[in-house]
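Only one structure is covered here, and it is reproduced in the block below.
The values are calculated or read from the model by the stated rules, or taken from the named source; none is laboratory data. Predicted model, so just to flag it, every value in this text is computed and none were measured. Note that each Cβ is placed from the backbone with ideal geometry, even for glycine, and that neighbours are counted across all protein chains shown.
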Amino acid sequence: MAKRITVDPITRIEGHLGVTVEVENGKVKDAWSSGTMARGFEALLQGRDPRDAPYVTSRFCGVCYSVHQMASVRALDDAFGAKVPWGGTLLRNLAMGAEFIYDHILHFYHLTALDYLDIMAVAAYNGKDKGLNAVKEKVVGLVKSKDTFPLTPRYEPDEFSVRDPDMVITAVKHYIDALAMQAKARNMGAIFGGRQPHYQSLVVGGCTQYPDVNMVAKFRTMLDEQAKFVNEIYIPDVLAFGTGPLFPLAKMGLGGGHYNYLSYGAFELDKNGKQWVFPAGVITGLNPGKIKVKSFDPDKITESVKYGWYKDDKPRHPYEGEQVFDLDKKDAYSFVKAPRYKGRPMEVGPLARMLVAKNPDVLGLIKKGAKPGVVARHAARAIETKLLVDACYRWCDELLTEMTKPGFKIHDTAHYEPPEKGEGAGFYEAPRGALGHWIKIKDKKIANYQAVVPSTWNASPRCEKKYRGQYEESLIGAPVPDVDNPINVVRIIRSFDPCLACAVHLIDPQSNEIKRFAVE
Amino acid sequence: MNELLGDISRRDFMKYCAGAAAVLGLSELELFEKVSEALASSSTKPPVVWLEGQDCAGCTVSLAGALNPPASALILDKLSIRYHETIMAASGYVAEAAYEETVRAGGYVLCVEGSIPIADDRFCMIAGRPFRRTVEEAAKNAAAIIAVGACAAYGGIPAAGPTGAVGVGKVVKNKPIIHLPTCPVHCDHLVGSILYFLATGTAPPLDKVGRPKMYFGETIHDNCRRRSYFDNEMFLTDWNDPEQKNWCLYEKGCKGPDTYADCAVRRWNDGQNYCVDCGAGCMGCAEPEFYSGMSPLYTADSKRSRDIMARKKAGLIPPLKEEA
Ligand code: SF4
Ligand code: SF4
């Protein structure tokens, strides 16, 4: 008989998420993903000075703060008619590059690695390495004092868990090293972002941090350390796991989902926006042997509220987005709305980006037999971290050249005042995937603000056509031999790097209703 | 001495607790010894329960940015983190069981991150329970309560929204709460407050709105390196102009004169930079009136900014005296 289990809270993610799965014969038969917290951010922006939006929307998420600022300033750039000088773009790119590097390292080592390791295997390590023995001592000490929080309690390791003492202890050591690396990557970002979490320097028209040679030099030195870690530790670790003990999971394609992928694109490499580190594009029904990427059309995005705790409505484009909470709605099970592209659910994130880019390393893994899913997601994340490290070097060099030019600019000062009216869209890629912000301005104030964030795409509930969201679909067929130990469920969910705080929308404070306005 | 505090050197410790020794009438060395003793005498690590409500996890990420002592030492060596949604290994009922056991036993440091919606409990439900009730319950047996970040302290940005978001003090009455605003929390403030509590068994001396005086005793403006430009009314208007790059950010919305916090001295991210130095200005995130009372942020077109200027003109914000 089918048995329903609910995992709530899903921990080691940003935000609050619960997942319910129906298990039959040791496999997931159906799944529901549910966002369980709402703050009403878009509502509180209404009537505000539009230049508050990047600051406020940064607080959508304290993990990937800057990408919201970035999508928001791009929406403002669009609405204000601001032309960001190349110097401003370079500063923004460097701040953002640092964020991706930190975020991906943090996700792999601190938010997800524990799902694949039998931590207690370190006790069996009997090598000579001093550093590793210190790690062993530490963990064994914790066990002896009967205080292994927060490494335990946990779901019990299963047949896919890595138990080789050498491999596990190395991973645990890297977990500890990576704590410092992610902190340092963020300090690097603060050089141009002001401080973090939550950069302060990204504004409409550019950036507020006037750079000097020392800052660039400092950034580069810190980047060297990151590059070494990414190239010598992070990527080798992911590949060792993915092609080694976790290869069965890769071959099985655990957590595959719909095989639809979407990237909005991010990180321009030239002034004309021709070349991007992450190109934009759409793949529907992936055929790994013959990848067909179609161009991305923003008008094809709609959001459904059919199964959300919102008043019933037809699917709408974000510009027309309106949300009125209905906490008593029958059949609703999430605060997350259900975005669709041409009516279809999409996966967004590193795997989507690398497939759209036809990245040779990721395609190589697939050729070797790894199906798109959990393991491919971790690999794509590591591979694109390297792409960004390389791009940061390039931007440092360009910034140094740019700075010496007469009339060097970091900001479009002529377009800092809000227009009487206007609208704008800002597209970007967050570490977790495609991110869009939409703004409407009236009487120089925010008339409507909408964000469709990566976790909304991935964590969405069902829509009118009953298509499951990407998390839900990815869970189908996942082995859960022991319903008290649904470790594969959390593996799948965490492989997407969920961040739920940002996925959850609003209501209007006064009227409990939001004015609707047509797109002109 | 260093051994007793493990990875925390005396210098690091003083960085966290600067000012605290004086408040207690101790010399710095005496305070340091007191902390060392307290940490050495307890055979178990102090348990911590960390709850996240209407949060963005930014404060957790900020804490994870601590390099001296490293976050790894805090998480594994110094504290026993029993419940923390963002870092713990367990999920679902395994996580909930760890929580219940710790709360039953009592005597933990309770950290709350994020605001609490009181308009309708359903705006924040975790493990099927209203977050408000979880906070009330966890507060009962806590040895110390820390409101981590602007949202937990005073409602922060969510307070401007429709969910009736408030800080911990509006839900937990009759217990002292250490308020650590700024959005997000500064990791030094958090680490220092915990160390202080471990050393003395009490909260550090707090100001009128519950913030440790050792961190929130002076304004950003009083320590700002752009201050002489404010006094001389030289305000930055163009971020492109290298000549203006160190000028006062009043015109760009800086609320430093009304904001009590030590960012200008302590700076952020291991001293790398901070809001005013990067050319953006202080948004007042350490104040109970943040965010609504500081908005609009990036322009002087707010009641508060006009008020600051009026006070300046009236001589109420006198120029800093040149130091002899
Ligand atoms: S107003 Fe702001 S930038 Fe100007 S002196 Fe005061 S704190 Fe510094
Ligand atoms: S300088 Fe002002 S805005 Fe920045 S963290 Fe400190 S109090 Fe908050």
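Can you pull out the residues in the stretch B:218-242 that are among the acidic types (Asp, Glu), in a loop (DSSP other than H, G, I, E, B) and either within 13 Å of ligand 2 (Cβ to nearest atom) or closer than 19 Å to B:Ser302 by Cβ (or both)? B:Glu218, B:Glu233, listed by residue number. For the residues A:Ala190, A:Ala183, the requirement of being within 16 Å of ligand 2 (Cβ to nearest atom), assigned to a helix (DSSP H, G or I) and either among the basic types (Lys, Arg) or closer than 26 Å to A:Ser72 by Cα (or both) singles out A:Ala190. Annotation: B:Met234 fulfils all but one of (1) within 30 Å of A:Lys218 (Cα to Cα); (2) within 14 Å of another protein chain (Cβ to nearest Cβ); the unmet one is (2). Restricting attention to the stretch A:375-423, which residues are away from every other protein chain (no Cβ under 14 Å) and part of a loop (DSSP other than H, G, I, E, B)? Of everything in the stretch A:375-423, those that are away from every other protein chain (no Cβ under 14 Å) and part of a loop (DSSP other than H, G, I, E, B) turn out to be A:Pro419, A:Glu420.
Looking at the stretch B:236-244, is at least one residue surrounded by 21 or more Cβ atoms within 10 Å (Cβ to Cβ) and within 16 Å of ligand 1 (Cβ to nearest atom)? Checked the stretch B:236-244: at least one residue is surrounded by 21 or more Cβ atoms within 10 Å (Cβ to Cβ) and within 16 Å of ligand 1 (Cβ to nearest atom). Residues in the stretch B:253-271 that are surrounded by fewer than 23 Cβ atoms within 10 Å (Cβ to Cβ) and closer than 19 Å to A:Ile410 by Cβ: there are none. In this entry, B:Arg225 passes the filter for residues that are under 18 Å from A:Pro211 (Cα atoms), of a type in the set (Lys, Arg) and either within 13 Å of ligand 1 (Cβ to nearest atom) or touching a helix residue (DSSP H, G or I) at 6+ places or on another chain (Cβ under 9 Å) (or both).
For the stretch A:204-226, check the following and say yes or no: at least one residue is within 16 Å of ligand 2 (Cβ to nearest atom) and touching a residue at least 12 places away in the same chain (Cβ under 8 Å).
We begin by selecting, within the stretch A:204-226, every residue within 16 Å of ligand 2 (Cβ to nearest atom); these are A:208-209.
Filter once more, so that each one left must be touching a residue at least 12 places away in the same chain (Cβ under 8 Å): A:208-209.
Yes, because at least one residue in the stretch A:204-226 is within 16 Å of ligand 2 (Cβ to nearest atom) and touching a residue at least 12 places away in the same chain (Cβ under 8 Å).
For the stretch B:199-221, the criterion of a residue being more than 13 Å from chain A (Cβ to nearest Cβ), under 30 Å from A:Val204 (Cα atoms) and either within 20 Å of the chain's Cα centre (by Cα) or within 16 Å of ligand 1 (Cβ to nearest atom) (or both) is satisfied by at least one position.
The rows are residues; the columns are (1) charged (D, E, K, R); (2) in contact with a Cys (Cβ under 8 Å, 6 or more places away or on another chain); (3) outside any loop (DSSP other than H, G, I, E, B); (4) buried (at least 24 other Cβ atoms within 10 Å of the Cβ).
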site	(1), (2), (3), (4)
A:Ser455	no, yes, yes, yes
A:Asn458	no, no, yes, yes
A:Arg462	yes, no, no, no
A:Gly477	no, no, no, no
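Consider B:Cys151 carefully, then state whether it is closer than 16 Å to B:Ala57 by Cβ and either part of a strand (DSSP E or B) or without any contact (Cβ under 8 Å) to a residue 24 or more places away in the chain (or both). Here the answer is no, as B:Cys151 does not meet what is asked.
One line per residue, one yes/no per condition, for (1) at pLDDT below 70; (2) surrounded by fewer than 24 Cβ atoms within 10 Å (Cβ to Cβ):
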position	(1), (2)
A:Arg4	yes, yes
A:Gly26	no, yes
A:Arg48	no, yes
A:Ala53	no, no
A:Val56	no, no
A:Gln69	no, no
A:Asn93	no, no
A:Ile105	no, no
A:Leu114	no, no
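Within the stretch B:250-265, being among the charged types (D, E, K, R) and either farther than 18 Å from B:Ala150 by Cα or not in a helix (DSSP H, G or I) (or both) holds for B:Glu251, B:Lys252, B:Lys255, B:Asp262.
Count, please, the residues in the stretch B:272-311 that happen to be away from ligand 1 (no atom under 12 Å from the Cβ), small (Gly, Ala, Ser) and in contact with a helix residue (DSSP H, G or I) (Cβ under 9 Å, 6 or more places away or on another chain).
Initial filter on the stretch B:272-311 (away from ligand 1 (no atom under 12 Å from the Cβ)): B:272-273, B:285-299, B:301-303, B:306-307, B:310.
Among the residues that remain, those that are also small (Gly, Ala, Ser) are: B:286, B:292-293, B:295, B:302, B:310.
Pick out the ones that are also in contact with a helix residue (DSSP H, G or I) (Cβ under 9 Å, 6 or more places away or on another chain) and you get B:286, B:292-293, B:295, B:302.
Of the residues in that region, 5 qualify.
Of B:Leu316, B:Leu297, all but one fail to be away from ligand 2 (no atom under 13 Å from the Cβ) and part of a loop (DSSP other than H, G, I, E, B); the exception is B:Leu316. The residue that is farthest from the chain's Cα centre (by Cα), among those in the stretch B:243-287 that are more than 12 Å from ligand 2 (Cβ to nearest atom) and among the charged types (D, E, K, R), is B:Glu243.
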